[in-house]
Amino acid sequence: MACSISLARASSSPPECLRANDSLTASVDYTEDGDLKLGMRLEGINPDRDPNQPIILNLNVDNNIPQMLRSLQAVRSIEDILERRTAN
């Protein structure tokens with residue numbers, strides 16, 4: 001069963017695809033200097049595979065957002081230059 005969960009949910013109730021014994025937790029920390037730390041943990045079971053085997057998925061992402069945006073801008077500039085050169 002596929003489950004899509006938006007972090008921008010207005011409701012505090014869990015998504016319908018989470019079962020009563022499943023849990024989804026998330027943490028977001030964004031500092032003044034642009035460091036983003038995103039943590040997510042999903043716990044549950046997959047009854048189609050093995051209802052006795054718990055599944056635990058942890059995801060942690062760290063990035064400096066302003067630095068990432070500058071890198072993306074630099075890549076875009078290089079792509080634009082290459083496109084102009086190959087068009088001529």
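Yes/no per residue for (1) outside any helix (DSSP H, G or I); (2) surrounded by 10 or more Cβ atoms within 10 Å (Cβ to Cβ):
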{"residue": "Glu43", "(1), (2)": "yes, yes"}
{"residue": "Asp48", "(1), (2)": "yes, no"}
{"residue": "Pro51", "(1), (2)": "yes, no"}
{"residue": "Ile56", "(1), (2)": "yes, no"}
{"residue": "Gln67", "(1), (2)": "no, yes"}
{"residue": "Arg70", "(1), (2)": "no, yes"}
{"residue": "Ser77", "(1), (2)": "no, yes"}
{"residue": "Leu82", "(1), (2)": "no, yes"}
{"residue": "Arg85", "(1), (2)": "no, no"}
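Filtering Glu83, Glu43 for residues that are out of contact with any Leu (no Cβ under 9 Å at 6 or more places or on another chain) and of a type outside the set (S, T, N, Q) leaves a single hit, Glu83. Listed by first and then second residue, the pairs with beta-carbon distance under 6 Å, at least 6 apart or on different chains, first residue in region 39-63 and more than 14 Å from Ser23 (Cβ to Cβ), second of a type in the set (D, E, K, R) and in a strand (DSSP E or B), are Asp62/Lys37.
Throughout, read-outs are computed from the coordinates displayed, never taken from laboratory work. Everything numeric in this text was worked out from a predicted model, so none of it was measured. Neighbour counts run over all protein chains shown; Cβ positions are idealised from the backbone, glycine included.
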